[in-house]
Amino acid sequence: MVDRDLTARSAESGHEVSDINSKRVASVGLALATVIALALLVTYGLFHYFYSGETRTRPLPSPLSYSREPTPEPRLSVEPGEELKTLRSEEDAMLKSYGWIDRDKGVVHIPIDRAIEILTERGLPARPAKNEAATEANQSRKEERKR
């Protein structure tokens with residue numbers, strides 16, 4: 001019987017009568033917002049209390065600590081391309097110039113192009129054979145291996 005009465009009242013009013021109570025939903029939402037606001041205030045108060053307590057017990061920093069500390073290794077380049085260009089220009093200057101490496105021993109460096117020319121004229125130095133018998137024995141061993 002109760003179901004019939006609700007259906008009749010629903011049809012008359014144009015909406016479901018058995019829906020939730022909007023006043024109750026609003027009061028639960030208001031209570032939830034109040035609890036969240038109180039939790040935020042309590043959290044802020046605790047944070048402020050502990051932070052001020054920590055800063056009061058901390059010793060004052062040394063006046064020397066205000067100087068900038070060096071950056072720890074590995075230090076990154078601000079302009080790595082410029083450093084590479086500088087390095088390459090120094091290497092090119094070394095490869096294209098004459099100069100002393102050790103004056104006492106008479107060791108010099110010469111341009112790379114000139115060094116290549118000298119090598120093509122003179123050829124690479126070869127190791128001298130210790131004796132001809134050893135070279136002949138080596139050649140005969142090579143021939144045996146080929147067979």
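At a glance:
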item	result
Top positive-direction residue, dipole computed over the stretch 21-112 with Cβ charges, set VAL42, HIS109, PRO63	VAL42
Solvent-accessible surface (1.4 angstrom probe) belonging to ILE101, in square angstrom, nearest 10	110
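The values are calculated or read from the model by the stated rules, or taken from the named source; none is laboratory data. Because the structure is predicted, anything quoted here is derived from the model rather than measured. Here Cβ is always computed from backbone atoms with ideal geometry, including for glycine, and neighbour counts include all displayed protein chains. Just so you know, the surface numbers come from the protein's heavy atoms only, side chains and all, with ligands and any DNA or RNA stripped out. Shrake-Rupley method; radii C 1.70, N 1.55, O 1.52, S 1.80 Å.
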